[in-house]
Amino acid sequence: MKHTLILLLLLTLCACSDPQEQPRDSLDLTGAWVLRHVEFPSGTEQDYALGGDGTSCLIYDQRHLLYECNIATTPTGLVVQPTATTTVTLVDKGGGEWLYLENGDPHPLRASDSTITIQRMGILYTFSRADSLYSEWGADIRDIFDRATDSPETENTRYMLSARERQLTNYVYWLVVAVALIAIVATANYVVYRRRRHQMQLQLQQIRDVQQNRAPSVRQAAKSVEDTFFASDEYTALVRRMATGLLLKDADWQQVEHSLMTVYPGFTTQLQSLYPMSDVEYHTCLLVKLRIPTKDIAAVLAREANTISSLRKRLYKKVFGREGGAKEWDDFILSIGT
């Protein structure tokens with residue numbers, strides 16, 4: 001019983017101890033640290049800030065390198081003066097104390113989540129973490145060190161990092177990316193257009209070859225079928241239906257296609273092979289082939305007459321690659337499929 005009470009007392013004391021006094025297993029200094037306070041052995045103290053003459057800044061990376069520089073903020077950016085590059089090693093002494101080695105030279109160091117205090121020659125330098133500075137300018141400052149040399153000409157060089165210049169650089173970068181993407185898309189569209197134009201030219205040539213190579217007897221027979229259809233009661237009823245301006249249903253359009261295929265067996269196949277038409281474009285061509293007046297076509301398709309005329313002009317340009325009128329398109333439609 002006595003041993004149990006002692007064990008419980010020890011566990012309670014461990015649980016109540018200050019967690020900040022527990023030794024830390026690791027310390028990651030990666031980021032930027034800005035000098036805020038200096039305490040001299042004589043008891044004199046001095047505070048520092050980013051503005052005005054600036055202050056010292058330590059930038060650590062995961063390779064245990066330390067970039068030390070002087071920095072000062074301005075209304076438009078940051079002034080940086082490189083000081084030194086040092087190899088850093090940390091030795092954990094426990095209790096939040098570390099031995100800080102700069103190129104093998106030891107310095108006592110105390111650290112918390114937001115500050116570090118380094119002792120050099122009896123002087124205590126306290127730095128505070130500057131995450132926003134590191135995220136915005138860390139890469140630029142490291143780049144300055146990478147580009148700097150050890151020559152006397154660059155020893156005291158000051159570099160101006162401009163936020164406005166960075167914004168302009170980003171703008172130019174994204175502008176170049178956008179222009180490149182536009183160029184790629186334009187090139188791809190041009191290739192597709194050229195391929196489609198070539199296919200349409202082949203289709204047109206095939207249509208011409210079929211028409212030119214027909215025997216006179218075949219032409220005469222086709223002409224006889226055509227004349228019979230346009231004189232039939234079926235065609236008369238169809239024209240009257242169109243004149244009413246009533247919209248056609250899917251079954252009505254199927255009947256129109258059936259009537260055309262009876263008279264012009266190859267018409268719809270040849271038409272659809274030329275260009276991927278919309279329903280309005282396709283239906284317009286069917287009615288043109290049936291010789292329905294433009295005003296009736298417009299009424300059946302619920303469009304203005306000038307809209308139907310413009311549609312036919314556009315179809316002519318898409319298929320032939322040059323400007324043409326509505327009548328020229330109609331003449332072409334009337335010439336195929338027979």
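So, in segment 318-329, how many residues would count as being surrounded by 15 or more Cβ atoms within 10 Å (Cβ to Cβ) and not in a helix (DSSP H, G or I)?
Final tally of qualifying residues: 1.
Any residue in segment 286-308 that is of a type in the set (Gly, Ala, Ser) and modelled with pLDDT under 90?
The answer is no; no qualifying residue exists.
Conditions tested, residue by residue: (1) surrounded by 14 or more Cβ atoms within 10 Å (Cβ to Cβ); (2) assigned to a helix (DSSP H, G or I).
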site: 240; (1), (2): no, yes
site: 245; (1), (2): no, no
site: 251; (1), (2): no, yes
site: 286; (1), (2): yes, yes
site: 316; (1), (2): yes, yes
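Residue by residue, here is whether (1) surrounded by 13 or more Cβ atoms within 10 Å (Cβ to Cβ); (2) in contact with a Phe, Trp or Tyr (Cβ under 7 Å, 6 or more places away or on another chain); (3) modelled with pLDDT of 80 or more; (4) outside the structural domain of residue 132 (by TED's automatic domain parsing) holds:
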residue: 2; (1), (2), (3), (4): no, no, no, yes
residue: 7; (1), (2), (3), (4): no, no, no, yes
residue: 18; (1), (2), (3), (4): no, no, no, yes
residue: 64; (1), (2), (3), (4): yes, no, no, no
residue: 72; (1), (2), (3), (4): yes, no, yes, no
residue: 81; (1), (2), (3), (4): yes, no, yes, no
residue: 87; (1), (2), (3), (4): no, no, yes, no
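Among what's in segment 27-75 and is part of a loop (DSSP other than H, G, I, E, B) and touching a Leu at 6+ places or on another chain (Cβ under 6 Å), pick the residue that is farthest from residue 113 (Cα to Cα).
48
Yes or no: residue 104 at pLDDT 85 or above and out of contact with any strand residue (DSSP E or B) (no Cβ under 6 Å at 6 or more places or on another chain)?
So residue 104 fails the test.
Please tell me if residue 280 is surrounded by fewer than 16 Cβ atoms within 10 Å (Cβ to Cβ), closer than 17 Å to residue 311 by Cβ and of a type in the set (A, V, I, L, M).
Considered against the rule, which asks whether it is surrounded by fewer than 16 Cβ atoms within 10 Å (Cβ to Cβ), closer than 17 Å to residue 311 by Cβ and of a type in the set (A, V, I, L, M), residue 280 comes out as yes.
For every residue, the table says whether it meets (1) at pLDDT 50 or above; (2) surrounded by 10 or more Cβ atoms within 10 Å (Cβ to Cβ); (3) in contact with a Lys or Arg (Cβ under 9 Å, 6 or more places away or on another chain).
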{"residue": "34", "(1), (2), (3)": "yes, yes, yes"}
{"residue": "40", "(1), (2), (3)": "yes, yes, no"}
{"residue": "43", "(1), (2), (3)": "yes, no, no"}
{"residue": "47", "(1), (2), (3)": "yes, yes, yes"}
{"residue": "60", "(1), (2), (3)": "yes, yes, no"}
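Report yes if some residue within segment 288-304 is small (Gly, Ala, Ser) and not in a helix (DSSP H, G or I); otherwise report no.
Checking segment 288-304: at least one residue is small (Gly, Ala, Ser) and not in a helix (DSSP H, G or I).
Go through segment 258-284 residue by residue and tally those that are assigned to a helix (DSSP H, G or I) and modelled with pLDDT of 90 or more.
6
Consider residue 302 carefully, then state whether it is under 44 Å from the mean Cα position of the chain (by Cα) and crowded, with 16+ Cβ neighbours inside 10 Å.
Spelling it out, it is not the case that residue 302 is under 44 Å from the mean Cα position of the chain (by Cα) and crowded, with 16+ Cβ neighbours inside 10 Å.
Residue by residue through segment 113-133, note down the ones that are of a type in the set (Gly, Ala, Ser) and touching a residue at least 60 places away in the same chain (Cβ under 8 Å).
Correct list: 122, 128, 130.
The values are calculated or read from the model by the stated rules, or taken from the named source; none is laboratory data. Here the structure is a predicted model, which is why all the values come from computation and not from measurement. Cβ sites come from the backbone with ideal geometry, for glycine too, and all protein chains shown count toward neighbours.
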